[in-house]
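Take a look at the structure set out below.
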Amino acid sequence: AQTLNVRKDETASTLNNIGLVYRDQGKYQKALETFEKALEIDTQIRSQWAIAYDYRNMGLTYLRLNQPEKAAPLFEKAFALSESIGNRINAAKALLGKGDARFALGDFKQAESAYQQSLSRSAEMGIRETQWRSLYGLARIHLTDPKDLPAAETRLRDAMRIIEQLRSDIKINQLKENFITNKLSVYKTLATLLADMQKPAEAFEVAERSRARNFIDLLGNQKLSFSSETDNRLYQSVQTVRSEIEAYESLLAQASDPAEKAVYRKTLDNLNDRLKDIMLDIEAQNPQLSSLVSVSPVEADGLIRRLEPGVALLSYYVLDNELFCWVLKKENSSGPAAENLKLVRIPANSEELGEKILEYRRVLQNLEPYERHSKLLYDRLITPVMPYLNGIHTLGIIPHGPLHYLSFATLYSGENFLADRFSLFYLPSASLLEYTLSRRTVREKDGLEILAIGNPDLGDPVLNLPFAEQEVNAIRWDFPKITVLTRDKATEDWVVDNIARFDIIHIASHGEFDPVNPLLSAIKLARSDRPEPDHDGDLKAQEIFGLKLKADMVVLSACQTGLGKIRAGDEVVGLNRSFLYAGTHTVVSSLWRVSDVSTAVLIKTFYRRYMTDNKADSLAAAARHVKTRYPHPGYWGAFTLVGDYY
């Protein structure tokens, strides 16, 4: 751009984009220097429109530097300039920035005025991102006065409602303003407020909504295909209508003529009505598909009614300086949620907790002394809730944030492990339990058809897993109706074409975890001779969504198959969730690279017990059996059971 002296605006625009990248990297001084260079050029060419954006970008950067005294006047300039040239969108956003700066300075009166103006203008123009941010700012002001807590709750619920209407396709300009993280602060603030107001069930429901919303955000940028043409049509219809709504909201925001505005508003009303109709169709035809496109509220009472005697859930929610753990169990079958739900609040620094969990995982994988690390986490996560677990034999864990990386079975009290006391299962969210229980079927285990895949030929001797072949062949002893595929027979194409007819699917191969895009995480299978790019031997999570399974259980005896990207507010997303959506009830998978020998023993014992016991009891018994030969939890604690425990 600098070589084109006649297009200085391109140079300034490019500098602004570079500044935004620096800011997102946390390089705030470099960002400011770059914005100032852009401002210098925009001033030379007298582009008032661009100058107003430069001021706002610099103001937002000073806010990140915790220098609101420098940010406030920049937002004032951005607003005044935008207002004078009729740039109503930037004016509303500058008012929002001014509110944030004034709030940080403790000037709540001016902050409230700025937020109110920003809210009014953004509501008129249909800029929902600025609306929810303004509502959140007003809620934070209400939170400073104990008498205003009900008003804070109202503002936060309004902000949450708008967030849940937003299209999940995250655009670059949204990421510039830390869209995902800030959005979750609405849920976290509301959950904390409800807990403070002694409303634990409502706080639990808000936490569940935040998990669901973040899952939708992750899927928003993905091209998913489903086994049902109806599902594909409905999913694409939702994406298309939401895209049209976004386009017309943008037109409305920029329109100044009253007649033009009226046309856009009428079109938006029609589009929103159409979206509601599609959502009703989805809820009627496939409730699980509904969870991919909208936030379905979870009611604590309904969830507790589904719990069986002796089964409890521990639902964790990680906040900046506190850890919430809701204990749900059916203590009084006719009583309200308040009698069957307890909220335990545990002081905890989220960053420190994440570091301790990663260190503990390293210790387990390297088979180092574990006792001190394990007991510390036990004391933090389990000891506070143990008084509420009397009479419980099966324990469901709903992790959050870094807890997704933790094997709770291996936590050590100083006398025994959690796996010694409970049969464990995991859920990415509470809503998934309702879904899996609603589909539970009783099958005659003698007649189950098994697909067992072991040690596919990946074209590299280093990747061979000889014990995996022994592992799948050993399953024959328990299941006579078994199809075993090894080496070059275990192709991705054969699996995709035939997987639908099996009751249990066992895959002993390498798993590949993609930390950038978890839906590209894959199970490594043998390549076929087909030339298409989709037949590369990698069975990816996003491809698994499109399979139609009848399997009661999928066992992924591979390296790190249970991992996925940890979203800031929602579940781990990867292979587990995609298999559950495709139709299986339970996924057994590993959290770290496991020993071939101990895995073979664990899997053999698991299936032997499964012929007479439920899945959670079978896995617990198998882990305890391996523990007698290989006491270190690195050998027996990697496997987790996700979904239906029965």
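The values are calculated or read from the model by the stated rules, or taken from the named source; none is laboratory data. Keep in mind it's a predicted model, so treat the numbers as computed, not measured. So basically every Cβ, Gly included, is an ideal-geometry build from the backbone, and we count neighbours across all protein chains shown. Quick note on the areas: whole protein, heavy atoms, side chains included, nothing else; ligands and nucleic acids left out. Shrake-Rupley method; radii C 1.70, N 1.55, O 1.52, S 1.80 Å.
Computed over every Cα-Cα pair of region 1-41 and binned at 10 Å starting from 0, the pair-distance distribution P(r) comes out as 37, 46, 16, 1 percent. Taken over region 364-500, the ratio of Cα radius of gyration to 2.2 N^0.38 Å equals 1.40.
Using every pair of distinct Cα positions in region 331-421, the Kirkwood expression returns a hydrodynamic radius of 14.6 angstrom. Using only C-alpha atoms and all pairs of different ones, pull out the Kirkwood radius for region 31-142 in Å with one decimal. Answer for region 31-142: a Kirkwood hydrodynamic radius of 13.8 Å. Each residue of region 428-442 is assigned a 3J(HN,Hα), and the resulting list reads x, 7, 5, 4, 5, 5, 4, 5, 5, 5, 5, 9, 4, 10, 9 Hz, derived from the Karplus form 6.51 cos²θ - 1.76 cosθ + 1.60 (θ = phi - 60°), x at Gly and Pro.
For the peptides 614-626, 266-278, the ranking by packing is 614-626, 266-278, with the highest mean count of neighbouring Cβ atoms within 10 Å listed first.
Based on Cα contacts under 8 Å between residues 6+ apart, the chain shows a relative contact order of 9 percent. Structure shown: which of Lys70/Lys93; Lys481/Lys604; Lys70/Lys188 lie over 19 Å apart, alpha-carbon to alpha-carbon? Correct reply: Lys70/Lys188. Calculated over the chain, the projected area of the Cα convex hull averaged across directions stands at 31.9 nm².
Take the chain with all the other protein chains still there, run a 1.4 Å probe, and you get 42 Å² of accessible area per residue. For trypsin sites (Lys or Arg not before Pro), the sites in region 368-468 that DSSP calls loop and that have at most 15 other Cβ atoms within 10 Å are Arg439, Arg440, Arg443.
Please report, as a whole percent, how much of the solvent-accessible surface of the chain comes from carbon and sulfur atoms (probe radius 1.4 Å).
Solvent-exposed carbon and sulfur of the chain make up 49 percent of the total.
3J(HN,Hα) along region 26-35, derived from phi through the Karplus expression 6.51 cos²θ - 1.76 cosθ + 1.60 where θ = phi - 60°, amounts to x, 8, 5, 5, 5, 4, 4, 4, 6, 4 Hz, with x in place of Gly and Pro.
Once each of the GluC sites (Glu not before Pro) sitting in a DSSP loop with at most 13 other beta-carbon atoms within 10 Å is removed, the chain keeps 1-414 as its longest stretch. Backbone phi angles across region 496-504, fed through the Karplus curve with coefficients 6.51, -1.76 and 1.60 (θ = phi - 60°), yield HN-Hα couplings of 4, 6, 10, 5, 5, 8, 9, 8, 10 Hz in residue order; Gly and Pro are listed as x. Compactness check for region 479-518: Cα Rg over 2.2 N^0.38 Å is 1.42.
Database remark: amide H of Leu485 closer than 5 angstrom to the amide H of Ala452, Ile453, Gly454 (H placed geometrically; neighbours at sequence offset of 5 or more, or on other chains; Pro and chain starts carry no H).
Distance between the C-alpha centres of region 487-516 and region 92-107: 53 Å, rounded to the whole angstrom. Applying both filters, DSSP loop and at most 13 other Cβ atoms within 10 Å, to the trypsin sites (Lys or Arg not before Pro) of region 453-532 gives Lys481, Lys489. Taking the inverse of the mean reciprocal distance over all distinct Cα pairs, the Kirkwood hydrodynamic radius of region 568-646 comes to 13.3 Å. If a/c stays under 1.5 just call it rounded; otherwise compare a/b with b/c (prolate if a/b is bigger, oblate if not). Do that for region 1-81, with a ≥ b ≥ c from the square roots of the Cα gyration tensor eigenvalues. Verdict is oblate for region 1-81.
Applying 0.36 nm per residue to the separation of Asn473 and Leu149 and subtracting their alpha-carbon distance, the gain on full extension is 110.4 nm.
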